[in-house]
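Trainee: Okay, handing you the structure first.
Derivation of every value follows stated rules applied to the coordinates shown; laboratory data play no part. From a predicted model like this one, the values you see are computed outputs, not experimental measurements. Every residue, glycine among them, receives a Cβ derived from its backbone with ideal geometry; neighbour counts consider all protein chains shown.
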Amino acid sequence: MATRHQVRQAVITFLYAHEMDTFNQDFASEYFAEQKIKNEQKNFAETLFGGVLENIDNIDEKINSYLSSFKLAELGAMERAILRLGAHEILAQTCEARVAISEAVALAGEFGSTNGVKLVNGVLDNIAKDKSPVASAAVDTKEFYENLSAIQESLKPNEPRNSRIPKENKNSNEPKNSRIPKESGFKKSAKSDPASKTAAKQPPKRARKDEK
């Protein structure tokens, strides 16, 4: 049975495909079948996807109000999909704000750019506080980065080998992987010939005198 995290992966995949104008019912059906998303989880995915599209203008306006130096249209398509889903879940109260933000941050870590995690975390936290002025629901991004691999594994226990979720190019500052030198073996010294050892121990033969 698919997890709620896998359902959200499906939704951002559909939102991405919809923006790229490659989404259709066959695409959705094939994706659901591959990821084994059905029954209640399938309905949940369709509800979230439809909810984002139905309220996309209001969602984008809310997101843009918390973007200072640039707007939503300037972000990558995957970041837009993640922000729209997270904002919709907070505004529509489909789950607790902290859950929506945690899931969005995890998705940004998996499929967004390097700076996407902090951006998603900050924008959605502001939307959550505006919706309900309570204590911050933001995720500790420092801790998140330190435990990113473990979080991804715990959130995706049954991830299929061939995932159809598109990934954005990551602007990573990490150094390129250095080439690992091939292991060089020691050259084996040639074994000495026993016969040659014997010959080496014997004194040289005296030259024969010419017979008169």
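Trainee: If the label point is 7 Å along Cα→Cβ of Asn115, which residues in segment 68-99 have backbone nitrogen under 20 Å from it?
Mentor: 68-84
Trainee: Quick one: Debye curve from the alpha-carbon atoms of segment 71-110 only, equal weights, vacuum; give me log10 I(q)/I(0) at q = 0.28, 0.32 Å⁻¹ to two decimals.
Mentor: Per q value, in the given order, log10 I(q)/I(0) is -0.91, -1.03.
Trainee: List the GluC sites (Glu not before Pro) within segment 40-116 that DSSP assigns to loop and that have no more than 13 neighbouring Cβ atoms inside 10 Å.
Mentor: Numbers: sites: Glu40, Glu46, Glu54, Glu61, Glu74, Glu79, Glu89, Glu96, Glu103, Glu110; in loops: Glu96.
Sparse-neighbourhood loop GluC sites (Glu not before Pro): Glu96.
Trainee: How many nm separate the modelled label positions at Thr94 and Ser68, each set 7 Å beyond the Cα in the direction of the Cβ?
Mentor: Taking the two extended label points, one gets 3.0 nm.
Trainee: Here's a follow-up. Seen from all sides and averaged, what is the projected area of the convex hull of the Cα atoms in segment 1-102, in nm²?
Mentor: On the way: hull surface 25.9 nm².
Convex hull of Cα atoms, orientation-averaged projection: 6.5 nm².
Trainee: Under 5 Å between amide hydrogens, which residues at least 5 positions from Ala2 or on another chain qualify, with H placed 1.01 Å from N in the peptide plane?
Mentor: Answer set, sorted by chain and number: Lys38.
Trainee: Here's another thing I want to ask about it. Restricting attention to segment 1-106, which chymotrypsin sites (Phe, Trp or Tyr not before Pro) occupy a DSSP loop and are surrounded by at most 12 other Cβ atoms within 10 Å?
Mentor: On the way: sites: Phe14, Tyr16, Phe23, Phe27, Tyr31, Phe32, Phe44, Phe49, Tyr66, Phe70; in loops: Phe23, Tyr66, Phe70.
Here the chymotrypsin sites (Phe, Trp or Tyr not before Pro) that fit, given the DSSP loop and packing criteria, are Phe70.
Trainee: Computed FRET efficiency, Cβ-Cβ of Asp130 and Thr47, R0 30 Å: what is it to the nearest 0.05? Can you show the working numbers first?
Mentor: On the way: r = 23 Å, r/R0 = 0.78.
For Asp130 and Thr47, the calculated efficiency is 0.80.
Trainee: Gain in length, Asp26 to Thr3, computed as 0.36 nm per residue apart minus the alpha-carbon separation, to one decimal in nm? Let's see the in-between values first.
Mentor: Details: separation 23, 0.36 × 23 = 8.28 nm, distance 2.20 nm.
Extending this stretch completely gives an extra 6.1 nm.
Trainee: Let me ask something additional. Could you check the spin-label model distance between Glu54 and Ala33? Points 7 Å from the Cα along Cα→Cβ, value in nm.
Mentor: Between Glu54 and Ala33, the label points sit 2.8 nm apart.
Trainee: May I pose another question? In the structure displayed, which of Lys62/Lys118; Lys42/Lys129; Lys62/Lys129; Lys42/Lys118 lie more than 20 Å apart, Cα to Cα?
Mentor: Values: Lys62/Lys118 18 Å; Lys42/Lys129 30 Å; Lys62/Lys129 12 Å; Lys42/Lys118 30 Å.
Going by Cα-Cα distance, Lys42/Lys129; Lys42/Lys118 fall outside the 20 Å limit.
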